[in-house]
Amino acid sequence: MNKLYYSCLFTAFFFAFSSCKKSDNGSGTTAPATQTDIVTVDSKLAAFMSAYNIPGASLAVSKNGKLVYIKGYGKANTATNELVTPAHRFRLASVSKTFTGAAVLKLVQEGKLNLDAKVFGTGGVLASDYGTAPYNANLLNITVRHLLQNVSGSWGAATGGDVIDQNPTYTYKQLFDWIINSRPNPNIPGTVYDYSNINFVLAGRVIEKISGKTYINYIKEDVMAPISGTQTDIAGKTAAEKKTNEVIYYGQGNDAPYVYNIAFPRRDADGGLMTTATELLKFVNAIDGFTTRPDILNSTNLKALTTPSAVYPGYACGIGIWSAENVWYNYGSLPGTRTGFMRHNNGMCVALLLNSRVDPSTNENPFVYAMQDLMLDLVKNTSYSWQGIDQF
């Protein structure tokens with residue numbers, strides 16, 4: 001589908017689809033009919049989507065704890081011409097990691113877990129649940145904090161590649177038995193940053209072991225329910241398993257065969273969640289450290305969540321730290337999905353969810369940076385006339 005088609009498409013219906021006016025805002029309530037569209041914001045979203053062939057998007061913006069702008073753009077389903085509304089749910093991909101980090105710190109706050117507890121071996125949270133003892137010394141020294149900061153020392157691109165999608169029919173038990181037995185940890189934990197989805201799937205098992213609940217039930221009941229979140233769930237693996245109000249995902253180029261070939265729900269804690277842009281932003285506001293809305297973590301545990309490791313200052317416990325821009329953030333990317341949020345020190349927060357991405361096997365950098373710049377503009381540009389409304 002070429003850019004000319006998308007340009008015509010957006011011209012035809014851009015202002016016809018849904019803003020928040022008299023629509024469900026994705027959190028179970030009807031948004032007030034008081035939002036006025038900001039043409040500059042809408043035009044920038046339309047131009048971005050047209051440039052990169054993105055069928056649909058959902059945007060939410062908050063200012064000082066108030067939801068000041070929510071809007072759907074484009075199509076949730078191109079076959080039926082269903083338009084995106086703020087009620088539509090999108091896969092979050094790696095933005096799920098921030099939920100996992102917050103869930104672990106919630107258990108720490110409840111006195112049920114120590115962030116520096118060992119994961120494996122005698123006295124470890126997972127003890128000898130996975131793999132075959134005796135374990136090597138590096139594996140025995142991995143802590144829960146190491147998992148969340150991606151400094152466990154293994155299982156990422158720098159140490160032989162991330163194997164999260166290999167053997168997709170394996171259960172957690174089979175997967176981790178295989179990984180631990182065949183991929184011994186080559187580095188001392190805490191000395192090497194190596195971004196790994198395996199770290200977070202393991203953290204999900206820590207959550208289950210300590211809480212006695214499934215990962216998704218802990219997220220729903222202990223992380224989201226306290227902030228009246230009702231839309232967060234595990235995404236559908238196939239088109240037939242699509243959940244209520246979940247969008248259709250569209251792969252570009254080499255991505256196309258893999259859009260509905262992702263190992264959900266096995267990838268729950270690293271990239272399996274879905275939600276609305278509004279509910280994602282509600283979650284971000286619950287870990288923002290501002291006094292405008294109650295946080296789910298106290299100051300001690302919020303500091304732990306947002307403190308990077310000594311070896312990599314740009315990543316804390318499932319959340320990125322961009323000190324030069326005064327931003328906390330996270331991005332997610334899977335075939336058919338690109339997502340992100342930002343929280344700025346000035347009190348602005350933004351969530352942006354897409355149902356497609358540029359094929360990473362091509363030069364995706366212009367797309368990635370364009371989305372990043374768009375989000376930065378939304379939290380930093382003081383010329384936007386955000387209304388004094390709260391649609392949370």
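Brief remarks follow.
- Max mean-square fluctuation residue, GNM over the chain, Cα-Cα springs under 10 Å, options VAL358, VAL61, VAL368: VAL368
- Neighbour-limited loop hits for trypsin sites (Lys or Arg not before Pro), segment 84-178 (at most 12 other Cβ within 10 Å; DSSP other than H, G, I, E, B): LYS112
- Cα centre as origin, Lys/Arg/Asp/Glu Cβ charges: the chain dipole, Debye: 340
- In percent, rounded to a whole number, the relative contact order of segment 105-151 is 37, using alpha-carbon pairs under 8 Å and six or more apart.
- Cα gyration tensor category, rounded, prolate or oblate, for segment 184-288 with a/c compared to 1.5: oblate
- Note on GLN387 and THR214: the model spin-label points, each 7 Å out from Cα along the C-beta direction, lie 3.9 nm apart.
- Shown is the FRET efficiency for THR169 and PHE290, computed with R0 = 35 Å from the Cβ-Cβ distance and rounded to the nearest 0.05: 0.20.
- Separation of the alpha carbons by more than 22 angstrom is noted, of LYS106/LYS220; LYS97/LYS380; LYS97/LYS282; LYS118/LYS173, for LYS97/LYS380.
- Shape of segment 122-246, Cα gyration tensor, a/c cut at 1.5: prolate
- Helical content alone sets the calculated 222 nm signal of the chain at -8500 deg cm²/dmol, taking -39,500 (n - 2.57) per DSSP H segment of four or more residues and averaging over every residue.
- A simple spin-label model places the labels of TYR312 and ALA324 1.8 nm from each other, with each point 7 Å out along Cα-to-Cβ.
- Cross-link reach is defined here as a Cα-Cα straight distance under 18 Å, omitting same-chain residues fewer than 8 places apart; for LYS213 the aspartates and glutamates meeting it are GLU110, ASP129, GLU221, ASP222, ASP233, ASP268, ASP270.
- Relative contact order (%) - criterion: Cα under 8 Å, at least six apart; region: the chain: 24
- Relative packing of 199-206, 254-261, 345-352, 372-379, which averages over residues the other C-beta atoms within 10 Å, highest first: 199-206, 345-352, 372-379, 254-261
- For segment 130-242: relative contact order, % (alpha-carbon pairs under 8 angstrom, 6 or more apart): 30
- With each label modelled as a point 7 angstrom along the Cα→C-beta vector, the THR230-THR244 pair spans 0.9 nm.
- Overall, the anisotropy analysis places the chain in the prolate class: the square-rooted eigenvalues a ≥ b ≥ c of its C-alpha gyration tensor yield a/c not less than 1.5, with a/b exceeding b/c.
No lab work stands behind these numbers, since they all come straight from the coordinates. Bear in mind the structure is a predicted one, so any value in this text is a computation, not a measurement. Virtual Cβ from ideal backbone geometry, glycine too; neighbours counted across all protein chains shown.
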